[in-house]
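The values are calculated or read from the model by the stated rules, or taken from the named source; none is laboratory data. Since this is a predicted model, take the numbers as computed values, not measurements. Backbone-built Cβ (ideal geometry, glycine too); neighbour counts: all protein chains shown.
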C-alpha cells in the first residue's frame with residue numbers, strides 16, 4: 001500500500017471524528033440549554049463523559065492487545081455514538097435522567113475512538129518511516145477548526161431543536177462507515193501469554209504523567225478564558241479569533257514537526273517544551289490576559305502547550321510501550337489525561353469564583369510538574385538505557 005494512501009485513509013478518519021467533536025463541544029451544551037434544563041444539570045451532563053472516559057478507556061483499548069482490531073473498535077464505537085445521539089432527542093421528553101444514561105453510553109462508545117486512530121497511526125508510522133504522525137493528526141485539528149467556524153452557520157441552516165443531535169448522528173455514522181470500508185491491512189498485535197500483557201515501564205509512566213499534567217494546565221483557559229475575555233470588553237468575534245489562533249498554531253507545529261532535528265522530536269524534549277510554554281502562558285494570562293494585543297501571542301503558545309505535549313506523549317507511547325501492551329498504553333494515557341483534567345477543571349471553577357484571573361496563574365504548577373516528570377523520565381533513561 002503506498003504511503004500516501006495509508007496517510008489519506010488515516011487523515012480521513014481523524015477529520016470525520018474531529019468534525020464531530022468540533023460540533024459537539026461548543027454546540028451540545030447549547031442544545032441542552034434549549035431543552036430548558038437547569039445549569040447544574042447541564043454541568044452534570046457535561047461532566048459525565050469525562051468521568052466515564054477515566055473508567056472506560058484503558059479497559060477498552062486493552063482489548064486491542066487481546067486481539068481485537070483497532071478498526072473494529074472504531075466501527076463499533078462510531079455506530080454506538082450514532083445510536084445514542086439519535087436517541088437523545090426522543091429521550092429528552094422523559095427528563096434529564098434518561099439523557100444522563102444516554103450520555104454515559106455515548107461516552108463509553110466514544111472513549112476508544114481517538115486513541116484507536118492514534119494507535120493505528122503510530123503503528124503505520126513504525127512500519128513506514130515515510131509517514132509522520134504529526135502530519136496525519138493535523139487533519140483532525142483542521143477539521144476541528146472548520147467545524148468550530150462553520151458549525152454555527154450549518155446548524156442555523158438546519159434549524160430546529162433536532163439539528164444538533166441529527167448532525168452528530170450523521171457524522172458518527174460517516175465515521176463508522178469510513179472505518180468499516182477501509183481495507184488497509186492492519187498490524188496484528190502480539191498477544192500476551194495468559195491474556196495479561198507486560199507492565200508499562202516506569203519511564204513511560206513518567207511521560208504519561210508529564211503529558212497529563214501539562215494538558216490539565218489548559219483547564220482554566222478552556223473553562224473560563226472566553227468568560228474572562230468578554231468580561232474585559234472583547235467581542236465574540238475577537239474571542240473566536242483567539243481560539244482560532246491557538247488551533248492554527250497547533251496545525252503549524254504538526255506540519256513542521258517532521259522537519260525538526262531528530263534530537264528535538266523525542267518525548268522528553270517535546271514535553272519539556274510544552275511544559276515550559278505552559279508556565280509562560282499561565283503567567284502571561286494572569287498578568288496581561290485581558291488585552292487583544294497580548295492575548296494573540298499567548299494563544300500562539302497553544303501550538304506548544306497542546307501540540308508539542310501531544311506529540312511528546314505519542315512519541316513516548318510509540319517508542320516506550322512494550323509489545324503486547326500498546327493498546328493498554330494508549331488507553332492509559334487517555335484515562336490519566338481525563339482524570340487529571342476533570343480534577344483541574346473542578347478546581348478551576350472554585351478558584352475563578354473566589355479569585356478571578358488568579359485561576360490562570362494556578363495552572364503554572366501543573367505545567368511545572370509536567371516538566372519535572374519529563375526530566376525524571378530522562379534520568380530514568382540514563383539509569384536503564
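List of remarks:
- In the range 273-281, the count of residues that are farther than 23 Å from residue 71 by Cβ and either outside any helix (DSSP H, G or I) or not assigned by TED's automatic domain parsing to the domain that holds residue 245 (or both) is zero.
- Scope the range 352-374; condition out of contact with any helix residue (DSSP H, G or I) (no Cβ under 7 Å at 6 or more places or on another chain) and within 19 Å of residue 270 (Cβ to Cβ); matching residues: 372
- Check on residue 315, farther than 21 Å from residue 44 by Cα and not in a helix (DSSP H, G or I): no
- Checking 137, 126 one by one, the residue that is surrounded by fewer than 22 Cβ atoms within 10 Å (Cβ to Cβ), part of a helix (DSSP H, G or I), on the phi < 0 side of the Ramachandran plot and in contact (Cβ under 8 Å) with a residue 60 or more places away in the chain is 126 and no other.
- Unmet criterion (only one of (1) part of a helix (DSSP H, G or I); (2) over 21 Å from the mean Cα position of the chain (by Cα); (3) surrounded by fewer than 22 Cβ atoms within 10 Å (Cβ to Cβ); (4) touching a residue at least 60 places away in the same chain (Cβ under 8 Å)) for residue 290: (1)
- Where residue 68 falls short, out of the listed (1) in contact (Cβ under 8 Å) with a residue 12 or more places away in the chain; (2) under 26 Å from residue 310 (Cβ atoms): (1)
- Of the helices (runs of 4 or more DSSP H) lying entirely inside the range 185-269, those containing at least 3 residues that are farther than 21 Å from residue 126 by Cβ and modelled with pLDDT under 95 are 219-231, 236-256.
Okay, residues lined up against (1) surrounded by fewer than 21 Cβ atoms within 10 Å (Cβ to Cβ); (2) under 23 Å from residue 141 (Cα atoms); (3) at pLDDT 85 or above:
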residue	(1), (2), (3)
4	yes, yes, no
19	no, yes, yes
48	yes, no, yes
55	yes, no, yes
98	yes, no, yes
